[in-house]
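Engineer: A single structure is presented below for examination.
The values are calculated or read from the model by the stated rules, or taken from the named source; none is laboratory data. Quick caveat, the model's predicted, so the values are computed rather than measured. We place every Cβ from the backbone using ideal geometry, glycine too, and count neighbours over all the protein chains shown. SASA here: full protein model, heavy atoms, side chains in, ligands and nucleic acids out. Shrake-Rupley method; radii C 1.70, N 1.55, O 1.52, S 1.80 Å.
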Amino acid sequence: MTSAIQDKVLSTAQKVKVDLWLQTPKTALINGQWSTRVDGIATEAKDPATGRVIGRFVDSTAGDVDTAVKAARHAFSSWKKVPRRERASMLNKIANVIREHSAELATLEALNNGKLYREAYVDDLPESADVFDYYAGWVDKFYAENCPVDEGFLNYTRHEPLGVCGLIVPWNFPLLLAMWKIAPALAMGNTVVVKPSEYTSMSLIRAVELIIEADILPQGVLNLVLGGAEAGRALCEHPGVDKISFTGSTQTGKRIVQSAGVSNLKLLGLELGGKSANIVFDDVPDLQFAIARSFQAMFSHKGEKCSEPTRLFVQKKHYETFVSALKDLADKVICGNQFDERAEQGAQCHQAHFDKIMHYIDLGNKAGFRLVAGGKQDVAGTNSEGLFVRPTIFADVDNNHAIAKEEIFGPVLVVTPFSTEEEVIAMANDTIYGLAAGFWTSDVSRAHRVAAELDAGMVFINRYGCYDFASPFGGSKQSGWGKEMAVHSLHSYTKLKSVWVKI
Ligand code: NAD
């Protein structure tokens, strides 16, 4: 059944394209052309649900990165002068190209990442297109200031494009997170060199190829390089890059800060890891909704989401009810092939990541915490090659233990009881991360008090996980620097100039 559904999805034109990935290794896309260099280190992409090889790639060298940056630099001088509404119309066209190819791009995303096709098609693809329309709308509405200085002078500001932006993304939302960066960067008149994760480059390669084929942008405005740390470092250390916008782990974020420091002190936007708290007070307004939503926010996309609520704190009154309801939900989850319509959780993205998750499960077991659900690989029917991990819940966890402190980035939830508001705020904030936090209460005063006390970039009250292009996205502490989305992305892709005129 599983393979029948997969064949059905792949038996369309998409199947032909997927086969093509195996024939010719994909290379960088610079100045609208595939790089002809095929002598670099070749990487293979595997379908994490089956272990089969699905694509081959040539990692970009420092030389390729240099060529891409020079192409972007060359294109910048004319791209920044393209009239704003013309630029907006190009962004609208990109949105349409992505929309028209949603099924193919979602197929590649699911195949390469392991996430359910349904999640890729319903969650990731619409947003990947819509974000271009959103920023197209901003292009001629991002006003600067007329500053109220002393009489006899006019002082105004200008938002000017930065130049060449290097955009580096992780493997959990390979297409969407790149589009979150490409759209505002282009909208503000920058040119781009984007690098996907070495584990999941297929959907972004195809999206950039589609945009180039549609002949929407001038040559060199949007370039793509491939590979992992080496290519990423070359981009971050390149003196011709004006900004790096990075989404990935805190560990890599720190390396990028060093790269910027040893090169040209380029601007940085850093969206990093998280270990977010979800707090259920005794006066939770709708217990059943809180249980269902807490489960969904934690385990959708197989727990590979930066802002997911991985630490659950439940006040004593509902503690056991909550834990036992979550166990029931977890035990029912069907792990399976990304194209199987019955599957509710796909495979973890790659082997090293799977091993890391199993390592943390092992630590939880060794520490003697109460394993309520999961805690093992799921063979998803008969498939022992697939990287499936059962939704795992540890209860009665000490907030100081590694499984409560370190980012696991998989379907592993830790639950801890608490007695008082002060106690739980202290535990929630006792982390190096500050990406998101949520809580559930019927008390309006407490709602605003706790929202102010939680040290996180995003706080969700009575519904964990709300996202909208109009609202800033990003964390505090070691979860990163700066915000994405809304007007904040526009500020982050421009520099502010103050102009004085003596009247
Ligand atoms: P990662 O840091 O290992 O890799 C991210 C990207 O950086 C990849 O493209 C990788 O090739 C590149 N890279 C690696 N070393 C580099 C270097 N020295 N210089 C430049 N680039 C380099 O992260 P990952 O494992 O791909 O993704 C998971 C992490 O991403 C988690 O920590 C997760 O929380 C985080 N994440 C954060 C957000 C957010 O918005 N805050 C969103 C999604 C994922």
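Engineer: Whose amide H sits under 5 Å from the amide H of Asp378, counting only residues 5 or more places off or on another chain, with H placed in the peptide plane?
Structural biologist: Hits under the 5 Å cutoff: Phe388, Val389, Arg390.
Engineer: Express the carbon and sulfur contribution to the solvent-accessible surface of the stretch 277-469 as a percent, rounded to the nearest whole number, probe 1.4 angstrom.
Structural biologist: Accessible surface attributable to carbon and sulfur in the stretch 277-469 totals 52 percent.
Engineer: Just in the stretch 131-240: which trypsin sites (Lys or Arg not before Pro) are loop by DSSP and have at most 13 other Cβ atoms within 10 Å?
Structural biologist: Those that pass, being in a loop and sparsely packed, are Lys141.
Engineer: Another question, then. Report, by chain and number, residues whose modeled amide H sits under 5 Å from the one on Leu413, excluding near sequence neighbours (fewer than 5 apart, same chain).
Structural biologist: The answer is Thr392, Ile393, Phe394.
Engineer: Please list, or write none, the aspartates and glutamates whose alpha carbon is within less than 17 Å of the alpha carbon of Lys81, excluding same-chain residues fewer than 8 places away.
Structural biologist: Those aspartates and glutamates meeting the cut-off are Asp140, Glu160.
Engineer: Farthest toward the dipole's positive end in the stretch 401-503, which of Ser442, Thr416, Pro472, given Cβ charges of +1 (Lys, Arg) and -1 (Asp, Glu) about the Cα centre?
Structural biologist: Going by the charge dipole, the pick is Pro472.
Engineer: Taking the alpha-carbon centroid of each part, what is the distance from the stretch 274-332 to the stretch 188-222 in angstrom?
Structural biologist: Centre-to-centre (Cα) distance: 38 Å.
Engineer: Here's a follow-up. Using the crude model of +1 on Lys and Arg Cβ and -1 on Asp and Glu Cβ, and no other charge, please compute the dipole size for the stretch 297-426 relative to its Cα centre, in debye to 20.
Structural biologist: 180
Engineer: Additional query: Once phi is turned into θ = phi - 60°, what whole-Hz ³J(HN,Hα) does the Karplus curve with 6.51, -1.76 and 1.60 give for every residue of the stretch 22-29, x standing for Gly and Pro?
Structural biologist: For the stretch 22-29, the Karplus-derived couplings read 7, 6, 10, x, 7, 10, 5, 10 Hz, x marking Gly and Pro.
Engineer: Among Asn223, Phe354, Ala75, flag the residue with its Cα farthest along the positive direction of the charge dipole of the chain, charges on Cβ as +1 for Lys/Arg and -1 for Asp/Glu.
Structural biologist: Ala75
Engineer: Ok, one more. Which three lengths, in whole Å and largest first, does the stretch 277-469 cover when its Cα atoms are put on their principal axes?
Structural biologist: Rounded to whole Å, the extents work out to 52, 35, 32 Å.
Engineer: Using a simple charge model, +1 on the beta-carbon of Lys and Arg, -1 on the beta-carbon of Asp and Glu, nothing else, what dipole does the chain show about its Cα centre, in debye to the nearest 20?
Structural biologist: With Lys and Arg at +1 and Asp and Glu at -1, about 980 debye.
Engineer: Show log10 I(q)/I(0) for the chain at q = 0.13, 0.14 Å⁻¹, two decimals, from a solvent-free Debye sum over equal Cα scatterers.
Structural biologist: The Debye formula, applied to the Cα set alone, gives -1.26, -1.40.
Engineer: Another question, then. Using the Kirkwood formula on the Cα atoms of the stretch 211-341, what hydrodynamic radius do you get, in angstrom to one decimal?
Structural biologist: For the stretch 211-341, inverting the mean 1/r across all distinct Cα pairs yields 18.8 Å.
Engineer: Now a separate question. 222 nm [θ] for the chain, helices only, -39500 (n - 2.57) per DSSP H run of 4+, per residue, to 500?
Structural biologist: Mean residue ellipticity, 222 nm, calculated: -12500 deg cm²/dmol.
Engineer: What does the charge count around Ser445 come to, taking other residues whose C-beta lies under 12 Å from its C-beta (Lys +1, Arg +1, Asp -1, Glu -1)?
Structural biologist: -1
Engineer: Then there is this: Under 5 Å between amide H atoms, partner at least 5 residues away or on a different chain: which partners does Lys495 have, H built in plane at 1.01 Å?
Structural biologist: Those qualifying (amide H under 5 Å, at least 5 residues apart or on another chain) are Glu160, Leu162.
Engineer: Taking only the C-alpha atoms, wrap a convex hull around the stretch 362-503 and report its volume per residue in Å³ as a whole number.
Structural biologist: Once divided by residue count, the hull of the stretch 362-503 is 197 Å³.
Engineer: Here is a further query. What pairs in Lys332/Lys477; Lys26/Lys266; Lys46/Lys495; Lys181/Lys356; Lys316/Lys477 have C-alpha atoms more than 32 Å from each other?
Structural biologist: As for pairs spanning more than 32 Å Cα to Cα, those are Lys332/Lys477; Lys46/Lys495.
Engineer: Let me ask another. With the radius of gyration and the Kirkwood radius both derived from the Cα set of the stretch 95-134, what is their ratio Rg to Rh?
Structural biologist: That ratio is 0.97, to two decimals.
Engineer: Now for a different question. Local charge sum around Ala88 (other residues, Cβ-Cβ under 12 Å, Lys/Arg +1, Asp/Glu -1)?
Structural biologist: My count for the surroundings of Ala88 gives +2.
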